[in-house]
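Below: the structure, in structure tokens.
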Amino acid sequence: STFDPLLSSQMKQMADDLVPALASVYSSKWYGRAWMRDALDRPYLRGNDQGKDGSQSYLDLEAQPWGLLLSPKDSLLSVSQRQTIIKEIENQLQTVIGPRQWPGNDGLVWPAVSQLYTWALASNNQSSLAWENLVKHTYSQHAQTFPDVWMGVWSGPDGWVSELDPNGTKVHGYEGGTWYSIVTPMTDFPVSNANPDSMFVFSLLRLLGIEPSVSSAFPLALSFHVSRSGLSSFSLELPLFSLQLFSSGTAHQVDLRYRAHNKGSQTFVFYLPGHRHSHD
């Protein structure tokens, strides 16, 4: 890949321009989901935290991870405000197989969103909660929780029914199963979606501290946040690279082996508390 400084600056400006809009949908507990219009063409904020618009005042997980992933330098949320969002998610949405999309909703858990929350937890110094959330998304956890349900043992759909609302219509069948739609045959072959698999690998990498670099000094680099996982040591083997960490107190030993598939180079940026080091 080739770094395009003009495109990079344009995307950075676009992101900066969106920060005030994002700030406007946060009141005191969580981010609103989306601006909508009712039948009379009046705007309302879906998923607001202000008790407005009746049933539209609720916590929607889809709006939370990306806001929590904003860099602290953006000064959009204080540490205590970030902790409030996490507390609300844990109290209102968390289930035995991960956080559902919103309260009720037959407990539907969507890994494409709920595993982004794993990354958000890790990046906000909540490694213990992040590991708990990651484990809840494993097929092992699903199989132990719902031993009589065949899906979720080797693979699965893009969304799970974690629990049925006792006061709901139960249109989604049974706990541990998947959602039903007359236009989408998800229940016909519910092991054909890659979201549970790919998002598990994605969130594991982020929890271990591996993510694209956002440093202008190291475009197209991979960054490794050494202390993010909360682990003193680990070994990671991937087709592209292997990574081993050994830590003792404030001393860290990193063994990184990059297995290039093409000509060229790859820059890795190592982040230690209070320090940064790059290596090609």
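Annotations for the structure displayed:
- Where residue 56 falls short, out of the listed (1) touching a residue at least 12 places away in the same chain (Cβ under 8 Å); (2) closer than 30 Å to residue 143 by Cα: (2)
- Pick from the stretch 247-263, criterion outside any loop (DSSP other than H, G, I, E, B) and among the small types (Gly, Ala, Ser), ranking: least open to solvent (accessible area, probe 1.4 Å): 247
- Looking across the stretch 205-222, the residues that are crowded, with 18+ Cβ neighbours inside 10 Å and either within 29 Å of residue 97 (Cα to Cα) or in contact with a His (Cβ under 6 Å, 6 or more places away or on another chain) (or both) come down to 206, 207, 208, 209, 210, 211.
- Taken over the stretch 159-214, the criterion of being under 25 Å from the mean Cα position of the chain (by Cα), over 30 Å from residue 267 (Cβ atoms) and aromatic (Phe, Trp, Tyr) is satisfied by 160, 179, 180.
- Filter result (over 14 Å from residue 108 (Cβ atoms), surrounded by fewer than 19 Cβ atoms within 10 Å (Cβ to Cβ) and either in contact (Cβ under 8 Å) with a residue 40 or more places away in the chain or in contact with a Pro (Cβ under 6 Å, 6 or more places away or on another chain) (or both)) within the stretch 141-165: 141, 145, 155
- Some residue of the stretch 226-234 being buried (at least 17 other Cβ atoms within 10 Å of the Cβ), free of Cβ contacts under 8 Å to residues at least 60 places away in the same chain and under 21 Å from the mean Cα position of the chain (by Cα): yes
The values are calculated or read from the model by the stated rules, or taken from the named source; none is laboratory data. Just so it is clear, the structure is predicted and the values come from calculations on it, not from any experiment. Note that we place each Cβ from the backbone using ideal geometry, even for glycine, and neighbour counts take in every protein chain shown. Heads up: the accessible areas ignore ligands, DNA and RNA and are worked out on the full protein's heavy atoms, side chains in. Shrake-Rupley method; radii C 1.70, N 1.55, O 1.52, S 1.80 Å.
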